1. If I ask for residues that are surrounded by 18 or more Cβ atoms within 10 Å (Cβ to Cβ), more than 10 Å from chain A (Cβ to nearest Cβ) and out of contact with any helix residue (DSSP H, G or I) (no Cβ under 7 Å at 6 or more places or on another chain), which ones from the range B:110-123 would you list?
2. Among the residues in the range B:38-56, are any closer than 18 Å to B:Ser118 by Cα, away from every other protein chain (no Cβ under 14 Å), assigned to a helix (DSSP H, G or I) and modelled with pLDDT of 95 or more?
3. Does at least one position in the range B:99-116 carry a residue that is under 21 Å from A:Ser118 (Cα atoms) and at pLDDT 95 or above?
4. Please verify whether B:Ile18 is of a type in the set (Val, Ile, Thr), surrounded by 15 or more Cβ atoms within 10 Å (Cβ to Cβ) and away from chain A (no Cβ under 12 Å), treating the condition exactly as stated.
5. From the list A:Ala34, A:Ala40, which residue is among the aliphatic types (A, V, I, L, M), surrounded by 14 or more Cβ atoms within 10 Å (Cβ to Cβ) and in contact with a helix residue (DSSP H, G or I) (Cβ under 6 Å, 6 or more places away or on another chain)?
6. Can you name the residue in the range B:124-143 that is of a type in the set (A, V, I, L, M) and more than 7 Å from chain A (Cβ to nearest Cβ) and is also farthest from B:Asp36 (Cα to Cα) among such residues?
7. Do we find a residue being of a type in the set (Lys, Arg), surrounded by fewer than 19 Cβ atoms within 10 Å (Cβ to Cβ), assigned to a strand (DSSP E or B) and more than 12 Å from the chain's Cα centre (by Cα) anywhere in the range A:135-151?
8. For the list (1) surrounded by 15 or more Cβ atoms within 10 Å (Cβ to Cβ); (2) closer than 25 Å to A:Asp48 by Cα; (3) at pLDDT 95 or above; (4) not basic (Lys, Arg), I need the number of the one condition that B:Leu25 fails.
Number of protein chains: 2
Amino acid sequence: MTSSPPAAATIPSSRKAILAAFLELIWNRGELDACDRFIATRYTLHHDPSDPWAGRTLDLAGYKERLAMSRAPFPDQRFEVQAMLEDGGTIAVTWLWSATHAGDLPGFPATGQRVTMSGATLYSFDADDKLTGHWQITDRLGVYLQLQRNRR
Amino acid sequence: MTSSPPAAATIPSSRKAILAAFLELIWNRGELDACDRFIATRYTLHHDPSDPWAGRTLDLAGYKERLAMSRAPFPDQRFEVQAMLEDGGTIAVTWLWSATHAGDLPGFPATGQRVTMSGATLYSFDADDKLTGHWQITDRLGVYLQLQRNRR
C-alpha cells in the first residue's frame, strides 16, 4: 500500500471537508481503493452532458471503472476548487481543471499538451455522508477547441 | 407601461426569491427596465466561457445591452431552475434553458428550431441584495451540436 498523508487517514467530519478530500484522493490522485470510503453503494449521474456515464446509476465497481477510464488520458489531472456552497446537505462546487493530454481520446491521439477546463458540480450525500450522485456541467467545448488546435 | 403580475410589484425578501424573480423578469421576459431593481452599479462576469462579455465589469447600461443582445436570437427563451443553494450570501443555481432559434447567430442563420442547454451559475450580492456578478458554466457545445444538426 502506498503511503498517505495524515489527512487521508480519517474521513473529515464536515461535508465540505469530505468533498475536498474526495476530489483530492479520488479525482486528483486516482486512488481507486479510496472510493469505498466516499461513494455510496448506488451512485447516480443525474445530469452530466460531458460524461459517457451520464444518466446511469453505478455500483462501486462501476464507479471505479469510470474513474480509471476517465483519468487514463489525463493521468496528472488536477481539480482546483474555486468555491464550495452547502445548503440542505447538498454541496455545489465550482472548479478549474488542468491536465496533460497524455493518452489517446476518441478522435484525438495523445499530444502531450496541457489542457484546461472549468465546471460546476452539485453533489448529493446520504445519511452516512457517502456520495450518492451528482449534477454537473463542464465547458467541454473549451477542451475540444484546445485539442483541435493541438491537432493542426 | 405593461401590466405586471403581483409578484413583480415588490422585490422579494429572501435572496433565493430575489434570484428567482430576477431570472423570470430579466432573462425569461427580457424586461430591460427591471434591471435597475436587481443589478448593482457594477456587475462583473468573473468566469463565463460561453459569454462574449466574460471577464468584463458592466454598468447598468452595459448590462442592459448584454441582455438585449443575448436574447435577440432567442426571444422566447426560458430558464427553468433545477436547484438553488445559498451559502454565505452567495447562491448557486442549476438550470435548464430552452428557446426557439428565431434570430441569426454568427455562422448560424435563424432556423426556427427548438434548442436546449443546461448550466450552473453562482451569483454574488451586495449588502442591498443587488447582484454584483456571476461565475457560470454552460454546456455551449450541446447548443452548437444542435445548431449544426439543424444547419445540414
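The values are calculated or read from the model by the stated rules, or taken from the named source; none is laboratory data. Small disclaimer: the values here were computed from a predicted structure and weren't measured. All Cβ positions, glycine included, derive from the backbone under ideal geometry; neighbour counts span all protein chains shown.
1. Once the filter is applied, which keeps residues that are surrounded by 18 or more Cβ atoms within 10 Å (Cβ to Cβ), more than 10 Å from chain A (Cβ to nearest Cβ) and out of contact with any helix residue (DSSP H, G or I) (no Cβ under 7 Å at 6 or more places or on another chain), the range B:110-123 yields nothing.
2. No, the range B:38-56 contains no residue that is closer than 18 Å to B:Ser118 by Cα, away from every other protein chain (no Cβ under 14 Å), assigned to a helix (DSSP H, G or I) and modelled with pLDDT of 95 or more.
3. Of the range B:99-116, the ones under 21 Å from A:Ser118 (Cα atoms) are B:116.
This time we only want the ones that are at pLDDT 95 or above, so: B:116.
Scanning the range B:99-116, I find at least one residue that is under 21 Å from A:Ser118 (Cα atoms) and at pLDDT 95 or above, so the answer is yes.
4. When the stated conditions are applied, B:Ile18 passes them.
5. Checking each option against the conditions leaves just A:Ala34.
6. B:Val143
7. No.
8. The one condition B:Leu25 does not meet is (2).
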